[in-house]
Amino acid sequence: MIQKTPPLRARGEKVTRRDRGGRSAAPLLAFAVLVAAVLAAAWRYEISSTKIEAGAPPVKLMVANGATADGVARQLEELGLVRHPLVFGLLARQRGVSSRLKAGEYALSGPLSVQGILDALVRGDVVRRDLTVPEGRNIDEVAALVVAEGLDVSGFLAVARDPLAVRDLDPAATSLEGYLFPDTYDVPQSPEAPRALALRMLERFREVIEPQLPRIQERGLTVRQVVTLASIVELETARSFERRRIARVFLNRLEKGMPLQTDPSVIFALKLQGRWDGNIRKRDLDIDSPYNTYKRRGLPPGPLGSPGREAILAVIEPAETKELYFVSRNDGSHEFSETLAAHNRAVNRYQRRRTSS
C-alpha cells in the first residue's frame, strides 16, 4: 500500500490547536471574555444602581458595636437592599473598609446605592437628635434623659462620676455634679455618643466659667462655692429677674452665719436616700444629711445639680440688698424681706391664701 506523505509546512509555520486536536480554543476564549464582561456589568449594576429611591421612606438600620461587614450585609439582604450578602461584603473588602463601619442607628434616605450605603456606614452618618438638658438637673436626671434617647448610659456615667476632668477647677470634686452644663446638644445615635455628651457638657461649662475666674477670685470665692450656690439659686426660682436677688439673700445669710434653710437642699438629700416622692413635708426638714441646710450651717457639701449661666452670674454679681428672707407668692415669684417680722407677715399672708384656695 502506498502511504501518502503529508505536505511539508513552510518554514516558520505554527502548528495550531485545530491541527493538534481538531478543535479551536477561540470560541472558548470568547465565551470566557463574554462571561467576565457580563459579570462585571452585573457587579457594577448591583453596587451602583439605586436601592432606595428618592422620596422613599428612610430605611432604618441598626449597626451593633463591633458588627462585621458580613453581618451588616446579611441585615441589608433582609431589608431587600442587596441581592446577596456577598455583594456588600466583597465591596467592603475591595475598598479596604470592612473594619471601619461605624456602629449606631441609621435612617438611610434615597437616592442611595449599595456604594452609597457603604459610604454612609464608613462616615458614620448616624441619626442625630437634639437632647435638651434643662437647668438644675443632677447627674442621675441627665442620665435618665440619655436613657430616654435609647442610648447606653454606662459611658455617660463613667465620665460623669469621674472627677479627674474637673479637678483643675475644683480640687474637692468627687464627680462632675454641677459641671455638666445645661444646654441643647446634638447627639448622634451611636455607642460613643453618651461618653462624648458628658465631655461636651463639661467643655461647655468651661466655656462659661473660665472667663469669670478673675471675678470669682476677686470675690474670695472658689468655683465649687459659686457652682454650689448657683445650683441652689437655679432651683429656687424660674424667674430670671429674681436670681440676683435670691443669690444676695443667701450670701447675706452666709455672712451672718445663718443657716440657708433652702428646700432644694433637703430634696437633694431625700433623693440621695431614695426617699423623694415629689413632696416635701415638715418632718423631712429634720433629715440627717450634710445637705440639709435647715440643720447645717454654710453651703452644702457640693452642687445639687448643674446651674445655667444666669444663675452662675447671679452669684458672681448679686443684687445689692440687705434682704435675708423670701417666700413664694404661689405664682412663681417671691416676696423678699429684710427682717424676720416682715417675713413672718409675708408667710402668713401667702400661706393663708394657699390654704384657703
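So how far apart, in nm, are the two label points at Arg297 and Ala196 if each is 7 Å from Cα heading toward Cβ? Between Arg297 and Ala196, the label points sit 5.0 nm apart. Screening the chain for DSSP H helices whose Cα atoms reach 15 Å or more along their own axis and whose mean Kyte hydropathy is at least -0.5 gives 26-48, 193-209, 223-236. Taking 1.306 mPa s as the viscosity and 10 °C as the temperature, the Stokes-Einstein diffusion coefficient of the stretch 116-241 based on its alpha-carbon Kirkwood radius rounds to 100 µm²/s.
Value of Rg to Rh for the stretch 54-184, rounded to two decimals, is 1.12; Kirkwood radius and Rg both from alpha-carbon coordinates. Using the Stokes-Einstein relation with a Kirkwood hydrodynamic radius computed over Cα pairs, the translational diffusion coefficient of the stretch 179-271 at 10 °C and a viscosity of 1.306 mPa s comes to 103 µm²/s. Only protein heavy atoms count here; on that basis, with a 1.4 Å probe, Ile47 has an accessible area of about 10 Å².
Heavy-atom accessible surface of Met258, to the nearest 10 Å², is about 40 Å², with a 1.4 Å probe and all protein chains retained.
Where Lys and Arg each count +1 and Asp and Glu each count -1, what net charge lies around Arg83 among other residues with Cβ under 13 Å from its Cβ?
For residues surrounding Arg83, the net value is -1.
GNM on the chain, alpha-carbon springs under 10 angstrom: the most fluctuating residue among Arg296, Arg224, Arg215 is Arg215.
Strictly greater than 12 Å: what percent of every Cα pair in the stretch 223-273 meets that? Tail of the P(r) past 12 Å holds 66 percent of the pairs. Quick one: plug the Kirkwood hydrodynamic radius of the chain (C-alpha pairs) into Stokes-Einstein at 10 °C, 1.306 mPa s, and report D in µm²/s. Rounded to a whole number, D works out at 61 µm²/s.
The values are calculated or read from the model by the stated rules, or taken from the named source; none is laboratory data. Remember, predicted model here, so these are calculated numbers, not experimental data. FYI the Cβ positions are ideal-geometry reconstructions off the backbone, even for glycines, and counts take in every protein chain you see. Ligands, DNA and RNA are excluded from the accessible area calculation, which covers all protein heavy atoms including side chains. Shrake-Rupley method; radii C 1.70, N 1.55, O 1.52, S 1.80 Å.
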